[in-house]
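Q: After the structure tokens below, expect a handful of questions from me.
The values are calculated or read from the model by the stated rules, or taken from the named source; none is laboratory data. For clarity, every value in this text was computed on a predicted model and none was experimentally measured. In this analysis, Cβ positions are derived from the backbone assuming ideal geometry, glycine residues included, and neighbour counts consider all displayed protein chains. All accessible areas refer to the heavy atoms of the entire protein, side chains included, with ligands and DNA or RNA removed. Shrake-Rupley method; radii C 1.70, N 1.55, O 1.52, S 1.80 Å.
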Amino acid sequence: MNPGDRVRVDRADRTYEGVLLPSSTDDHLVVKLEGGYNVGVDRDGADVELLAEDVYEIDGDAAGDDESVSEIEFDDELPTISLISTGGTIASTVDYRTGAVTAQFDAEDVLRAVPDLAGRANYRGRVVANILSENMEPPLWQDLARAVYEEIEAGADGVVVMHGTDTMQYSASALAFMLETPVPIVFTGSQRSADRPSSDNVMNAVSAVETAKSDCAEVLVCMHASESDDDCALHRGTRVRKNHTSRRDAFETVGAEPLGEVDYETEEVTFRREYQERGNTALDLADALESDVELLKFTPGMDPAFLDVVEGSAGLVIEGTGLGHVHTDLIPRIEELIEDGTTVVMTSQCLEGRVCDRVYDTGRDLLEAGVVEAGDTLPGTAKVKLMWALEHSDDVEEAMGTSLAGEMQERSVPWE
């Protein structure tokens, strides 16, 4: 038997019929079922019957022999797009020992896994990390920013960053603050791995590459706009939030419609608001970050002792209620933190609207204590921005109240 053959596998009173795929281990058979899903079967005790040879063409194998190494041809007529991999579901496969999805592929593997990318651009592949996104950390943001900078400096016409979805909004925000870019930087990922028939990896990857060829020189997130395979939405990296755990259209621009979209059928990229145009900004990198910054969500009944944990920290972002409030009993402790040198920034846990601590007594007391307002900046974005501002701004309060990378809107009007 060889990969590409149709087989019937009987084991433990279960029968699986489908196309034999390459396996990452010698102990398991991998079969693609008629419904599109893959199944891993322990070879031990399995009875395998060959039904037909070579019903499906498969190049190379999972072991990484010479046939599985992708060769990328360059065409002088095409733009050059750098594919930077950090891991995540879009660059994942199934570990058939456990059934879990693991990050294993590098950028060239993604090209091989998404043949629809061929002919759209010349590609350069680069691996910055190979992790699931919950393991993302600020030092990796710095590594990623430097890698993107180097790729653009070397002549890339656009950059696509393949990233896990859980922390994509944080990484996109970090790059938006750390980089001035003359070309598009597009984050994309997938909610469902490539072995699932409902996977979104192909459409997201293709749409991200088309966006990286566009005229919008900003940091963007490109993901499904709906549950259908029609359009991908383009979100500013500093205004996007993952709002669903598993839907393919999990990402939303908070407080407005997405900046643009990609029609998957026509491959047309359109924008509905102003953006930084390609070539109008000189490439620059400011990647220093103050890592000693925390994000704390206030809830009713919170013990003031929670604030003791951040004592001595360089910065603290609080998700307050409504216009930016916490229990009045917390205010004296917050004032002590500020007097000891911690910059405390207030955001709102409301999904839309801006902080305004001048309406109620609690807000006025917070301002008097020295709390800095962050407008309608999203809490996660505010944390990243504060990490950046503490290293690069002489007036952190002014920086947090100013839109530096599209993170603040002039007015909080939904669907403007």
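Q: Can you confirm whether the stretch 97-104 contains a residue that is polar (S, T, N, Q), modelled with pLDDT of 85 or more and open to solvent by less than 60 Å² (accessible area, probe 1.4 Å)? Outline the logic, then answer.
A: Kept after step one, since they are polar (S, T, N, Q), are these residues of the stretch 97-104: 98, 102, 104.
Remaining after also requiring modelled with pLDDT of 85 or more: none.
The answer is no; no qualifying residue exists.
Q: Given the criterion surrounded by 15 or more Cβ atoms within 10 Å (Cβ to Cβ) and closer than 16 Å to Met400 by Cα, identify the matching residue among Ile318, Ile331.
A: Working: Ile331 fails: closer than 16 Å to Met400 by Cα.
Unique residue meeting the criteria: Ile318.
Q: Which of the residues spanning the stretch 337-381 are open to solvent by 70 Å² or more (accessible area, probe 1.4 Å), within 24 Å of Ala305 (Cβ to Cβ) and not in a helix (DSSP H, G or I)?
A: Passing the criteria: only Asp340.
Q: What is the number of the single condition among (1) farther than 27 Å from Leu390 by Cβ; (2) modelled with pLDDT under 95 that Gly255 does not meet?
A: Result: Gly255 passes all but (1).
Q: Could you pull out the residue among Val384, Val293 that is closer than 18 Å to Ala405 by Cα and open to solvent by less than 10 Å² (accessible area, probe 1.4 Å)?
A: Working: Val293 fails: closer than 18 Å to Ala405 by Cα.
Only one candidate qualifies: Val384.
Q: Checking the condition in contact with a His (Cβ under 8 Å, 6 or more places away or on another chain) and either modelled with pLDDT of 95 or more or within 30 Å of Pro332 (Cβ to Cβ) (or both), which residue from Ala282, Ala288, Ala305, Ala314 passes?
A: Only one candidate passes the filter, namely Ala288.
Q: Another question about this same structure. Which one of these does Asp143 not meet: (1) at pLDDT 95 or above; (2) open to solvent by less than 40 Å² (accessible area, probe 1.4 Å)?
A: (2) is the only condition that Asp143 fails.
Q: Among the numbered criteria (1) basic (Lys, Arg); (2) under 26 Å from Pro332 (Cβ atoms); (3) in contact with a strand residue (DSSP E or B) (Cβ under 9 Å, 6 or more places away or on another chain), which single criterion is violated by Arg364?
A: (3)
Q: Consider Ala212 against the criteria (1) modelled with pLDDT of 95 or more; (2) under 20 Å from Asp263 (Cβ atoms); (3) in contact with a Phe, Trp or Tyr (Cβ under 8 Å, 6 or more places away or on another chain); (4) open to solvent by less than 10 Å² (accessible area, probe 1.4 Å): it satisfies all of them except one. Which criterion is unmet?
A: (3)
Q: Of everything in the stretch 3-55, what is in a strand (DSSP E or B), surrounded by 18 or more Cβ atoms within 10 Å (Cβ to Cβ) and among the small types (Gly, Ala, Ser)? Give them in sequence order.
A: Once the filter is applied, which keeps residues that are in a strand (DSSP E or B), surrounded by 18 or more Cβ atoms within 10 Å (Cβ to Cβ) and among the small types (Gly, Ala, Ser), the stretch 3-55 yields Gly18, Gly40.
Q: Which of the residues that make up the stretch 204-239 are touching a residue at least 40 places away in the same chain (Cβ under 8 Å) and more than 21 Å from Arg272 (Cα to Cα)?
A: Ala205
Q: A further question follows. Restricting attention to the stretch 255-264, which residues are open to solvent by less than 10 Å² (accessible area, probe 1.4 Å) and either part of a strand (DSSP E or B) or touching a strand residue (DSSP E or B) at 6+ places or on another chain (Cβ under 8 Å) (or both)?
A: Leu259, Gly260, Val262
Q: So how many residues does the stretch 215-230 have that are touching a helix residue (DSSP H, G or I) at 6+ places or on another chain (Cβ under 8 Å) and either open to solvent by less than 20 Å² (accessible area, probe 1.4 Å) or of a type in the set (Phe, Trp, Tyr) (or both)?
A: We begin by selecting, within the stretch 215-230, every residue touching a helix residue (DSSP H, G or I) at 6+ places or on another chain (Cβ under 8 Å); these are 218-224, 229.
Subset that is either open to solvent by less than 20 Å² (accessible area, probe 1.4 Å) or of a type in the set (Phe, Trp, Tyr) (or both): 219-224.
Total satisfying the criteria: 6.
Q: Can Arg248 be described as under 20 Å from Leu175 (Cβ atoms) and either open to solvent by 60 Å² or more (accessible area, probe 1.4 Å) or under 21 Å from the mean Cα position of the chain (by Cα) (or both)? Steps first, answer last, please.
A: On the way: under 20 Å from Leu175 (Cβ atoms): no; either open to solvent by 60 Å² or more (accessible area, probe 1.4 Å) or under 21 Å from the mean Cα position of the chain (by Cα) (or both): yes.
It is false that Arg248 is under 20 Å from Leu175 (Cβ atoms) and either open to solvent by 60 Å² or more (accessible area, probe 1.4 Å) or under 21 Å from the mean Cα position of the chain (by Cα) (or both).
Q: A follow-up question, please. Checking Ala233 against (1) small (Gly, Ala, Ser); (2) at pLDDT 95 or above; (3) in a loop (DSSP other than H, G, I, E, B); (4) open to solvent by less than 10 Å² (accessible area, probe 1.4 Å), only one condition comes out false. Which one?
A: So the condition that Ala233 fails would be (3).
Q: Any residue at all in the stretch 240-258 that is within 26 Å of Asp116 (Cα to Cα), of a type in the set (Val, Ile, Thr) and either touching a residue at least 40 places away in the same chain (Cβ under 8 Å) or out of contact with any Gly (no Cβ under 8 Å at 6 or more places or on another chain) (or both)?
A: no
Q: Starting from residues that are open to solvent by 20 Å² or more (accessible area, probe 1.4 Å) and among the small types (Gly, Ala, Ser), keep the ones in the stretch 387-413 and report whichever is farthest from Asp166 (Cα to Cα). Step through it out loud before you land on a result.
A: First pass over the stretch 387-413, keeping only residues open to solvent by 20 Å² or more (accessible area, probe 1.4 Å): 388, 390-398, 401-406, 408-413.
Those still in the list that are among the small types (Gly, Ala, Ser) too: 393, 401, 403, 405-406, 412.
Working: Ser393: 29, Gly401: 27, Ser403: 25, Ala405: 21, Gly406: 21, Ser412: 25 Å.
Filtering first and then ranking leaves Ser393.
Q: Here's a follow-up. Quick one: in the stretch 265-290, which of the residues that are part of a loop (DSSP other than H, G, I, E, B) and of a type in the set (A, V, I, L, M, F, W, C) is surrounded by the fewest Cβ atoms within 10 Å (Cβ to Cβ)? Reasoning before the result, please.
A: Pass one, the stretch 265-290, residues part of a loop (DSSP other than H, G, I, E, B): 265-268, 272-276, 278-283, 286-290.
Next cut, of a type in the set (A, V, I, L, M, F, W, C) only: 282-283, 286, 288-289.
On the way: Ala282: 8, Leu283: 14, Ala286: 13, Ala288: 12, Leu289: 23.
Here the answer is Ala282.
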